[in-house]
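The values are calculated or read from the model by the stated rules, or taken from the named source; none is laboratory data. All values reported here derive from a predicted model rather than from experimental measurement. Positions of Cβ are generated from backbone atoms using ideal geometry, with glycine treated the same way; all protein chains shown enter the neighbour counts.
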Amino acid sequence: MKLFKILFLFLISLLSATTYSQQINTDYFIENNPRSQDYNPAFKPNTDYFISLPILGMTQLSLGNNSLTVSDLVYNVNGQTISFKHPTSNTDKVYNVIQPITMIKADAQTNLLAFGMRIQRDYLTFSLTEKSSASVGLPKELFNLLLYGTPDAIHLNAFNLTNLQSNISFYTEAAACYTLRINREFTFGAKVKLLLGNANVSYANQQLILLASTVDLRLTGSGSLNYAGGLPLTLNVQPLSLSVGGTPTMLNFLNKPSGIGTGIDLGIRYRVDDNIVLSASLIDFGFISWYNNVKNLNFNIDYKYDGIKQINGNSIFFPANIFTGTAVTDSLLKVLDTSYNISQTKKSYTTATTAKLNIGFEFKLMQNQLSLGLLSHTQFISNTLTEELTASVNAKPVKWFNGSLSYSILKGRFSTFGLGFGLKTGIVHWLLGADYIPFQSVKTPLTILGINNFIIPYQSGVYNISLGVNIVFNNSTAKQMHNRTGRYGYDQDDD
């Protein structure tokens, strides 16, 4: 069936081209990073003052899914490139790696302004950051239908699609962070945030059930679509269409916030002894209440159609089967137009930011010129958890250079490595990091962010990068302390 084939290929394109995890885990143990409080507010920058340049000061980009990689879909057998739908392939192998909810996620953040200063043994930072986050949740039952079709050709087969969901948010984060050294062993940090919402679109179902066979199809359920933004949203019910009034400009979103909220980061660092340091942080825990140009579209659908033939796994992937018979008829949209009911309201609503939990362990060697790190990173997205465990070797031979070589255990699939460095040249500090640099990659015909033939990892579903350029200053007191300790830097606690 053409409709299902197009849908499935679209989903696979997203899954293959996207990756996961906004935070760059490789950067976590780079001590000379002036923006280390972004990972754990208990980490003190090892400079007395810093200023982050606009945009370049800290920019991160990640795209993500938590289920499939290209190697799950296309591979080489006896010198021949085949897909998982080849007669000799095992579709079950693909289906078994799909999570109960496949989360496709894209995140980006860029620095607008940030500066920090040392206050005796403590540290104070202010920052202004533009953030965007987009996620789509796909229930496993959807892939069941797309991969296997309808197992019973006569009776209706039920597929629960209730967990189908999406959320897109753009917001500005104004934050103040204070890192407090309690004693030689304990350091505590907290960052409080004011979140100014620019725009949001979110979709969720109360219930969505698809009943399908090779002779008919029925979709029943209810759900809601919420919108808030700098421009009004207009709904035309029949035929169904959505349009945004006016021409979108940056001023539409910046002149007046569409929502407002708060957030908090919390962190702790505990020095067990001269060699072992434990750390933990909860970051990006917050909520935004949306109120400007709000539109709530609440729908009920009871859609029944009996003009679809041959809904099965083969028809999804072989065009010759799609265009025979009456797989798609002109009456499809006409039936759809009479099967739903939509009501509109203008009530404010609330969305949550993607909270993240970090738990770190570091074992220091050679007077902290070298260390071994282990970081557990967990993200909380709606009702889904995603996790990663990253092991790293961290070199800190001199104050002006830190480097980290890492491997992400859960999503790396023995096919990627992470690399990051912090380099100080005069008063300029450079930070560059990525978690999933592939040993093997492929080109896709997709155009992403203006790049043709976008290169993606073959065996890993992950792709992210961070870049930071900051101006750093140290005063004479810090230099005297450095001379007394005889070490390349202060090692977080100036010991």
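The table below gives the values:
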{"quantity": "So Gln37, is it assigned to a helix (DSSP H, G or I) and either modelled with pLDDT of 90 or more or in contact with a Gly (Cβ under 7 Å, 6 or more places away or on another chain) (or both)", "calculated": "yes"}
{"quantity": "Residue in segment 41-51 that is at pLDDT below 90, more than 27 Å from Asn205 (Cβ to Cβ) and surrounded by fewer than 20 Cβ atoms within 10 Å (Cβ to Cβ) present", "calculated": "no"}
{"quantity": "Cβ pairs under 9 Å, 6+ apart, first in segment 270-291 and touching a residue at least 12 places away in the same chain (Cβ under 8 Å) and crowded, with 18+ Cβ neighbours inside 10 Å, second outside any strand (DSSP E or B) and of a type in the set (Lys, Arg)", "calculated": "Arg271/Arg184"}
{"quantity": "Leading residue by the ranking (nearest to Asp274 (Cα to Cα)) among those in segment 366-382 that are touching a strand residue (DSSP E or B) at 6+ places or on another chain (Cβ under 6 Å) and free of Cβ contacts under 8 Å to residues at least 24 places away in the same chain", "calculated": "Leu372"}
{"quantity": "Top-ranked residue of segment 75-121 - restricted to ones that are assigned to a loop (DSSP other than H, G, I, E, B) and of a type in the set (Ser, Thr, Tyr), ranked as modelled with the lowest pLDDT", "calculated": "Thr88"}
{"quantity": "Where Thr179 falls short, out of the listed (1) farther than 29 Å from Leu217 by Cβ; (2) β-branched (Val, Ile, Thr); (3) out of contact with any Gly (no Cβ under 7 Å at 6 or more places or on another chain)", "calculated": "(3)"}
{"quantity": "Residue that is of a type in the set (A, V, I, L, M), at pLDDT below 70 and exposed (fewer than 15 other Cβ atoms within 10 Å of the Cβ), where the choices are Leu9, Leu15", "calculated": "Leu9"}
{"quantity": "Some residue of segment 472-489 being assigned to a strand (DSSP E or B) and either out of contact with any Cys (no Cβ under 8 Å at 6 or more places or on another chain) or at pLDDT below 65 (or both)", "calculated": "yes"}
{"quantity": "Qualifying residue in segment 388-399 (condition: closer than 17 Å to Ser279 by Cβ and among the hydrophobic types (A, V, I, L, M, F, W, C))", "calculated": "yes"}
{"quantity": "Test for Lys256: is it surrounded by 15 or more Cβ atoms within 10 Å (Cβ to Cβ), of a type in the set (Lys, Arg) and modelled with pLDDT under 95", "calculated": "no"}
{"quantity": "Qualifying residue in segment 204-220 (condition: on the phi < 0 side of the Ramachandran plot, touching a strand residue (DSSP E or B) at 6+ places or on another chain (Cβ under 9 Å) and of a type in the set (Asp, Glu))", "calculated": "yes"}
{"quantity": "Residue in segment 432-451 that is part of a strand (DSSP E or B), surrounded by fewer than 14 Cβ atoms within 10 Å (Cβ to Cβ) and either under 19 Å from the mean Cα position of the chain (by Cα) or at pLDDT 65 or above (or both) present", "calculated": "no"}
{"quantity": "Any pair with Cβ under 6 angstrom, 6 or more apart, that starts in segment 386-405 at a residue that is over 11 Å from Gly418 (Cβ atoms) and of a type in the set (D, E, K, R) and ends at one that is crowded, with 22+ Cβ neighbours inside 10 Å and modelled with pLDDT of 90 or more", "calculated": "Lys396/Asn402"}
{"quantity": "So Ser408, is it at pLDDT 85 or above and small (Gly, Ala, Ser)", "calculated": "yes"}
{"quantity": "Long-range neighbours under 8 Å by Cβ, at least six apart or interchain, first residue within 15 Å of Asn144 (Cβ to Cβ) within segment 83-97, second among the charged types (D, E, K, R) and not in a helix (DSSP H, G or I)", "calculated": "Thr91/Lys85"}
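Residue by residue, here is whether (1) buried (at least 20 other Cβ atoms within 10 Å of the Cβ); (2) under 23 Å from the mean Cα position of the chain (by Cα); (3) assigned to a strand (DSSP E or B) holds:
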residue: Ser127; (1), (2), (3): yes, yes, yes
residue: Glu141; (1), (2), (3): no, yes, no
residue: Asn163; (1), (2), (3): yes, yes, no
residue: Ala174; (1), (2), (3): no, yes, yes
residue: Tyr178; (1), (2), (3): no, no, yes
residue: Val192; (1), (2), (3): no, yes, yes
residue: Gly197; (1), (2), (3): yes, yes, yes
residue: Asn200; (1), (2), (3): yes, yes, yes
residue: Gln206; (1), (2), (3): no, no, yes
